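Undergrad: The structure under discussion is supplied below as C-alpha cells; questions concerning it will follow.
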Amino acid sequence: MQIIKGAGVWRSPAGAANDWVEHLTVPELSVGTYCIPAGGVDDQSPHTEDEIYVVTAGRATIVTPGGRAEVGPGAVIFVPAGEEHRFVDVTEDLALLVIFGPAYGSRTVTG
C-alpha cells in the first residue's frame, strides 16, 4: 500500500502556464496532477496511453473530436489513447487527478 499525498491538489504553476506533477509510476499505470490556472491555455498533445481525469477543483470545458462538455469537481473523464483533447474556457483554477494506463510515456509512438 502507498498513500499518494498531494495527488489532485491544486498547485499554482511555478514559472509556467500549467503544472504537471507525476506522483506514482508502475508499469501498468501512473498517477499525477495537472493544474491549469483560470484563463490558462491547455497546450497538451494526445498521449499514447489511455487516460482518466478526475476533476478535483475548478471549472472548464473539455473538447474532443466527439464533442464538448462542461466539467467541475467530481467529473470523471475517459480519454482513449491518441484522441485529441483540450480543456478550454477555464473559469476557475483547474486541478485534475490524472491516471494513465499503462504508465505515462511507456508506449512508443509508431508510424
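Readers should treat all values here as calculations from the given coordinates under stated rules, not as data from a laboratory. Quick caveat, the model's predicted, so the values are computed rather than measured. Every residue, glycine among them, receives a Cβ derived from its backbone with ideal geometry; neighbour counts consider all protein chains shown.
Undergrad: Within the chain, what's the longest run with no GluC sites (Glu not before Pro) in a DSSP loop and at most 16 other beta-carbon atoms within 10 Å? Give the range, please. Before the final figure, lay out the partial values.
TA: On the way: sites that count: 28, 83, 84.
Here the longest segment lacking exposed loop sites spans 29-82.
Undergrad: Determine the dipole magnitude for the chain: charges of +1 sit on the beta-carbon of Lys and Arg, -1 on that of Asp and Glu, nothing else is charged, the reference point is the Cα centre, and the result goes in debye to the nearest 20.
TA: Details: 6 positive and 14 negative charges, 38 e Å.
Here the size comes out at about 180 debye.
Undergrad: Counting only C-alpha contacts under 8 Å and six or more residues apart, can you give the relative contact order of the chain as a whole percent?
TA: Relative CO of the chain lands at 34 percent.
Undergrad: Express in nm, to one decimal, how much length is gained between residue 17 and residue 88 on full extension, taking 0.36 nm for each residue of separation and deducting their alpha carbon distance.
TA: 24.2 nm
Undergrad: Could you work out the longest stretch of the chain that avoids the trypsin sites (Lys or Arg not before Pro) located in DSSP loops with at most 16 other Cβ atoms within 10 Å? Could the numbers behind the result be given before it?
TA: Values: sites that count: 5, 11, 107.
The reported range is 12-106.
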